[in-house]
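Written out below as C-alpha cells is the structure these notes cover.
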Amino acid sequence: MSTNYKTKLFALIGHPISNSFSPIMHSYLFEKYNINGSYLCFDVEPEKIEDVVDNMKNLKVSGFNITIPYKTEIVNLLDKIDRNAEVIGSINTVKNEKGVFKGYNTDGKGFVKSILDHNYDIKNKKALILGCGGACRSIVVELASKGIKTIDIRNRSIDNAIKIKENLNKYFDTEILISQKSIEKYDLEKYDFLINTTPIGMESDECPIDESIRISNDLIVCDIVYKPHRTNLIKWAENNNLKIIYGIDMLINQGIYAFEIWTGKKVDKEDIKILKKIFEDNKI
C-alpha cells in the first residue's frame, strides 16, 4: 500500500534500537490486514524522552512501542494507563485514543504465550529470572496470574526487585525471592525456568551466567534477547541439551498484541509462523 495523506504513523522508541525487527513485522501486518500505516524507529537519548513523547502527540502518531530503557520512565508521561499495565508499572505499547495517549503492556502476555505455545506448564512451577527492569515486571505479573509458585529475581541492584515484590504481593500469592548472588549450578537444578530479561547478550558475546556450568535436567531456558537469535545463553542451553524458548517468540507475540490494540484487528495464528520465517530470511 502506497503512502499518502491518510497514512497512519506508528513508531518504536528506545536506545539502542539498531536493526529492530519491529518495522518488518508491522509492515507485514499492515499489508496483510489492509492498514494504511507506516512504522518507523527512533533512537532516543535519555534526556530527550519527554520531548519525544510530546512530539508524538503533536504529530498525531496513531501508536508507538517503547523498548529499553524507557518502559518504566514513560509511565509518568502518558495521559492514561491500562489496568494491567498499572499493576505491572511498565509500558511497551501506546495507543492514541482521540488525542489521549493510553499505555498498555504486551510484553508479559507475549512471553507467557510463547511458553504456552510450546505446551509447557506454568502453574505451581518455579522460575529464576535475571534482571528486574520493565520486561521483568510484566513477565513476573503474567507468570503470577498463571499460578506460578515461586519467582527468584537475581540482579546486581535489588531496589527495583523489592518494588516488584511489594507490588506483586498486593495481588498474588506467588512466592518472590530476591538476591544479588551469582547463579550457581545448585540454583539451576531446582528451578523449572531460567529467564533472562536483561539486555546481556544483545548484539554481543556476553552471557548472563557462567557458561562453564554443566547441568542435566528439565530446565527450560528463555532469553528475551532476540538479536542474535542464538545468544550465548541459548548456546549454553543447547550444549546442556536443555529446552529452549527464543527471544523472537516473545517479540512476535507482543508485537501482534500491540497491533491488535492499535487496529482492532485479530491476527491469524498462521501469521506467527510466517513472521518467524521472515525473521530467519532477513537474518536479523
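Only the coordinates and a few stated rules stand behind these numbers; no lab work does. In this text, all values refer to a predicted model and were calculated from it rather than measured experimentally. Neighbour counts are summed over all protein chains in view; Cβ atoms, including those assigned to glycine, are modelled from backbone coordinates with ideal geometry.
With everything on Cα atoms, drop me the angle between helix 107-117 and the longest principal axis of the chain, reported from 0 to 90° to the nearest 10.
60
Around Leu242, under 12 Å between beta carbons, what's the net of Lys plus Arg minus Asp minus Glu among the other residues?
-2
Per residue of region 93-103, what does 6.51 cos²θ - 1.76 cosθ + 1.60 with θ = phi - 60° give for ³J(HN,Hα)? Whole Hz please, x for Gly and Pro, Karplus curve as stated.
9, 10, 10, 7, 9, 6, x, 9, 7, 10, x
Once the Cα atoms of helix 22-32 and of the chain are each reduced to a long axis, what angle between those two axes, in degrees from 0 to 90 to the nearest 10, is obtained?
60
Can you give me the long-range amide H partners of Leu12? Hydrogens built in the peptide plane at 1.01 Å from N, cutoff under 5 Å, separation of 5 or more residues or another chain.
The answer is Leu40, Cys41, Phe42, Asn65.
Taking the Cα centre of the chain as the origin, how large is its charge dipole in debye, to the nearest 20, when only Lys and Arg (+1) and Asp and Glu (-1) carry charge on their Cβ atoms?
Dipole about the Cα centre, nearest 20: 800 debye.
Using Cα atoms only, what is the angle between the long axis of helix 270-282 and the major principal axis of the chain, expressed in degrees (0 to 90) to the nearest 10?
It works out to around 90 degrees.
For the ranges 170-178, 241-249, 158-166, what's the packing order if you count other beta-carbon atoms within 10 Å of each residue, average per peptide, and put the highest first? Each step should come with its number before you reach the end.
Working: 170-178: 14.6, 241-249: 18.9, 158-166: 16.9.
The densest-packed peptide leads the list: 241-249, 158-166, 170-178.
For region 61-66, take each phi angle, set θ = phi - 60°, evaluate the Karplus expression 6.51 cos²θ - 1.76 cosθ + 1.60, and give the result in whole Hz per residue in order, putting x for glycine and proline.
Karplus values, whole Hz, x for Gly and Pro: 4, 6, x, 7, 9, 10.
Find out how many positive minus negative residues lie around Gly133, taking Lys and Arg as positive, Asp and Glu as negative, among other residues whose Cβ is under 11 Å from that of Gly133.
0
Hey, how many Å between the Cα centroid of region 1-69 and the Cα centroid of region 125-177?
Spelled out, the Cα-based centre of one part sits 30 Å from the other.
Amide H neighbours of Ile244 under 5 Å, counting only residues 5+ apart in sequence or on other chains, H built in-plane at 1.01 Å?
Amide H neighbours of Ile244, under 5 Å, 5+ apart: Val221.
Add +1 for every Lys or Arg and -1 for every Asp or Glu among the other residues with Cβ under 15 Å from the Cβ of Leu233, and state the total.
Counting the neighbours of Leu233, the net charge comes to -3.
Amide H neighbours of Asn196 under 5 Å, counting only residues 5+ apart in sequence or on other chains, H built in-plane at 1.01 Å?
Leu130, Cys222, Asp223, Ile224
Ignoring everything except DSSP H segments at least 4 long, calculate the 222 nm mean residue ellipticity for the chain; use -39,500 (n - 2.57) per segment, divide by total residues, nearest 500. Present the calculation step by step, with values, prior to reporting the outcome.
Numbers: 10 runs with 103 residues, N = 284.
Taken over the chain, the calculation gives -11000 deg cm²/dmol.
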